[in-house]
Amino acid sequence: MEKMKELWEQVKALIDENRIDCVVKLCESLNIDMYDNIVNKLIMELKSTLNVQHRNTIAIVLGDLKCNSAIKPLIELIKNPQNKRCIGSLIYSLQELDCGNVIKEIIPVLYKGNYEARNMLYVLLEIKIKEISEQDKRICIDLLKKGKGELEEILEDVDSALDILHENL
């Protein structure tokens, strides 16, 4: 038990230093029980930390470890409105995971997210397109059409405001 505590402290120190490759190598060197224990602690920390840098580092580590048990917490974090400005790394971390069946849950990021998040999701979509079922592709298409319609309405309002301003110069 003491060895596990020391190991976890070592992992946390590496996370503090943003040493992703070192954390991954350390985890890959562990026996299965210790590996599972550390991965579970990483997922708990991912879900609970308020430190964005730590969360991003942990997410990338879990992605590099191909830890599919991190998919659900990552999706929850991506969908959480409190995180909307800092989800690019969370989306990036999904690239190595078997997440084709959940991309539909985060597709609105393509029309609601910031530049980095939209970019990361577009790349993820390209990478995972063959893993997405036909039904989920249709859901994504419908969501994107809805989002596009919302954006077009906003642009119409902007055009109207521009017209009013130009007419009254």
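The values are calculated or read from the model by the stated rules, or taken from the named source; none is laboratory data. Predicted model only: the values in this text are computed from it and were never measured. Cβ sites come from the backbone with ideal geometry, for glycine too, and all protein chains shown count toward neighbours.
Quick notes
- Residue match in region 76-92 (condition: under 14 Å from the mean Cα position of the chain (by Cα), closer than 27 Å to Glu126 by Cβ, of a type in the set (A, V, I, L, M, F, W, C) and not in a helix (DSSP H, G or I)): yes
- Selection status of Asp64, of a type in the set (Asp, Glu), surrounded by 14 or more Cβ atoms within 10 Å (Cβ to Cβ) and under 27 Å from Ile38 (Cα atoms): yes
- The one condition in (1) surrounded by 13 or more Cβ atoms within 10 Å (Cβ to Cβ); (2) of a type in the set (Val, Ile, Thr); (3) out of contact with any helix residue (DSSP H, G or I) (no Cβ under 8 Å at 6 or more places or on another chain) that Ile75 fails to fulfil: (3)
Yes or no, residue by residue, for (1) at pLDDT below 95; (2) within 23 Å of Leu77 (Cα to Cα); (3) among the small types (Gly, Ala, Ser):
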site: Ile15; (1), (2), (3): no, yes, no
site: Cys22; (1), (2), (3): no, no, no
site: Ser29; (1), (2), (3): no, no, yes
site: Val39; (1), (2), (3): no, yes, no
site: Ile43; (1), (2), (3): no, yes, no
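- Asp142 over 26 Å from Lys41 (Cα atoms), modelled with pLDDT under 95, of a type outside the set (Ser, Thr, Tyr) and assigned to a helix (DSSP H, G or I): no
- Of note, Gly113 does not satisfy the criterion of being over 30 Å from Asn51 (Cα atoms) and surrounded by 12 or more Cβ atoms within 10 Å (Cβ to Cβ).
- Per-region count, region 116-134, residues assigned to a loop (DSSP other than H, G, I, E, B) and either surrounded by fewer than 17 Cβ atoms within 10 Å (Cβ to Cβ) or modelled with pLDDT under 95 (or both): 1
- All positions within region 79-93 that are farther than 13 Å from Thr57 by Cα and either of a type in the set (Phe, Trp, Tyr) or surrounded by 14 or more Cβ atoms within 10 Å (Cβ to Cβ) (or both): Lys79, Asn83, Lys84
- All positions within region 56-75 that are under 15 Å from Met44 (Cα atoms) and part of a loop (DSSP other than H, G, I, E, B): Cys67
- Residue ID - farthest from Ile103 (Cα to Cα), chosen from residues in region 117-165 that are of a type in the set (Lys, Arg) and in contact (Cβ under 8 Å) with a residue 24 or more places away in the chain: Lys148
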